[in-house]
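These notes are about the structure you will find just below.
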Amino acid sequence: MKYVVIGFGVAGVAAMEAIRSEDNTGEITLISDDPHGYYSRPGLAYYLTGELHDKALYPKSSEDFRRLKFTAMRGRVTKILPGQKRFVSCTAALWNSIKHFRIKDSVKSFKSIFI
């Protein structure tokens, strides 16, 4: 099965972990426009006040991400039409890369990834 996860925050990483716990061979594509990748957004405030070491901002290692086996794409999705099971309002280049993906009703446990 093919999956698209939008956003490289805590929810996006948790979604990929949930997918991998159920489907170790499915194709995961992560779409994010964050140039810094995954970091602890709540921890940023503590880092800025000196209460948190910079290494604590990155709670996942490169190996953690390799185990998730996903392809990252830089882009922004601004609107999704779940009823039509497709993405809209994204860049043309991004659309050409992901237009074959569709939201699956049968994957109810992962539906929250897309809504």
May I ask you to derive the FRET efficiency for Ala45 and Thr78 from their Cβ-Cβ distance with R0 = 25 Å, giving the value to the nearest 0.05?
-> 0.40
Karplus-derived 3J(HN,Hα), 6.51/-1.76/1.60, for each residue of region 35-41, Hz, glycine and proline x = x, 9, x, 7, 8, 6, 4
Under a plain spin-label model, where a point goes 7 Å from the Cα along Cα-to-Cβ, how far apart in nm are His53 and Asp34?
-> 2.2 nm
How much length, in nm to one decimal, is gained on full extension between Val10 and Asp64, taken as 0.36 nm per residue of separation minus their Cα-Cα distance?
-> 18.1 nm
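FYI, it's all coordinate maths here, none of it is from the lab. Fair warning: this is a prediction, and the values are worked out from it, not measured in the lab. Counting neighbours? That spans all protein chains shown, and the Cβs are built from the backbone with ideal geometry, glycine included.
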